[in-house]
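So the structure is just underneath, and the comments pick up after that.
The values are calculated or read from the model by the stated rules, or taken from the named source; none is laboratory data. All values derive from a computational prediction rather than experimental measurement. Methodologically, a virtual Cβ is constructed for each residue, glycine included, from the backbone with ideal geometry; neighbour enumeration extends over all protein chains shown. To get the accessible areas, we keep the full protein, side chains included, count just its heavy atoms, and leave off ligands, DNA and RNA. Shrake-Rupley method; radii C 1.70, N 1.55, O 1.52, S 1.80 Å.
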Amino acid sequence: MIPALEALERLREGNQRFATDGPTRRKTMSRRRRLELAQGQEPFAIILGCSDSRVPAEIIFDQGLGDLFVIRVAGNIVAPSQVASIEFAAERFDTRLVVVLGHSRCGAILATLDDLERRSGERSKNLLSIVGRIRPVVEPLLQGALAADHDALVREAVRANIRASADQLRHGSEILEQLIDRQGLLIVGAEYSLETGLVDFFHPATVAAPSAGA
Ligand SMILES: [Zn+2]
């Protein structure tokens with residue numbers, strides 16, 4: 001079992017390699033590794049990410065087969081099937097880290113804002129099941145000063161949606177709550193930048209700051 005903060009460090013290091021075109025861990029996709037994994041998996045992190053083709057978790061964190069348990073859905077929203085997938089992996093594989101991974105210029109966020117600003121036509125009922133989960137999170141932002149600055153509004157809406165999904169996971173599942181209390185499960189929000197290739201983790205423990213007087 002890999003503790004949450006160690007898992008977080010692995011992701012940070014992998015993302016650094018990816019963003020800087022550093023040496024990759026290709027060996028984790030070898031035939032030998034594949035055969036080893038056929039006997040069982042022990043992913044060190046669970047990622048709830050967006051389906052966007054530009055944000056494949058294994059690539060942006062430079063990980064190989066068997067490293068990450070990934071759930072992808074447009075807008076990295078939390079619905080019952082996502083919660084169940086995360087509960088399953090956290091319990092079955094003793095995985096201690098869950099990352100909710102959003103990204104800049106997310107199409108699901110833009111669609112939700114279009115909806116709220118009444119720029120869109122009829123939406124399918126299925127699409128509304130995604131937009132409807134994001135709407136309550138971004139709607140309050142339209143009441144504030146950000147409403148006048150569309151780019152800033154999108155940036156803040158992306159981050160608010162990531163925080164909301166992480167909160168829902170922290171408080172929306174008895175199983176996950178117990179794993180947090182008893183096993184040190186950590187649920188962290190993170191934002192990937194399409195422009196820089198870097199992931200910004202929201203967790204305070206990843207910020208190197210002296211504790212004295214802080
Ligand atoms: Zn997206």
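Rounded to the nearest 10 degrees, the angle from helix 174-183 to the longest Cα principal axis of the chain is 50 degrees. Phi angles across the stretch 60-66 convert, under the Karplus curve 6.51 cos²θ - 1.76 cosθ + 1.60 with θ = phi - 60°, into 3J(HN,Hα) values of 6, 9, 6, 10, x, 4, x Hz, Gly and Pro given as x. Peptides 108-118, 146-156 ranked from most to least packed, by the mean per-residue count of other Cβ atoms within 10 Å: 108-118, 146-156. Taking label positions 7 Å along the Cα-Cβ direction at both R92 and R33, the computed distance is 2.1 nm, reported to one decimal. Beyond 22 Å, the tail of the calculated P(r) for the chain holds 53 percent of the Cα pairs. The label-point distance for N126 and H150, in a model that sets each label 7 Å from Cα toward Cβ, rounds to 2.8 nm. Relative to the dominant Cα principal axis of the chain, helix 125-138 is inclined by about 80°. Here the chain exposes an accessible surface that is 50 percent carbon and sulfur, computed with a 1.4 Å probe and the other protein chains kept in place.
Listed peptides 57-66, 96-105, 177-186 appear in the order 96-105, 57-66, 177-186 once ranked by packing, highest mean of other Cβ atoms within 10 Å at the front. Of all beta bridges that DSSP places with both ends in the chain, some 15 percent have antiparallel geometry.
In this label model, E177 and Q41 are separated by 2.8 nm, measuring between points 7 Å along each Cα→Cβ vector. Rolling a 1.4 Å probe over the protein heavy atoms gives the chain an accessible area of 54 Å² per residue.
In a simple Cβ point-charge model (Lys, Arg +1; Asp, Glu -1; nothing else charged), the chain has a dipole of about 640 debye relative to its Cα centre.
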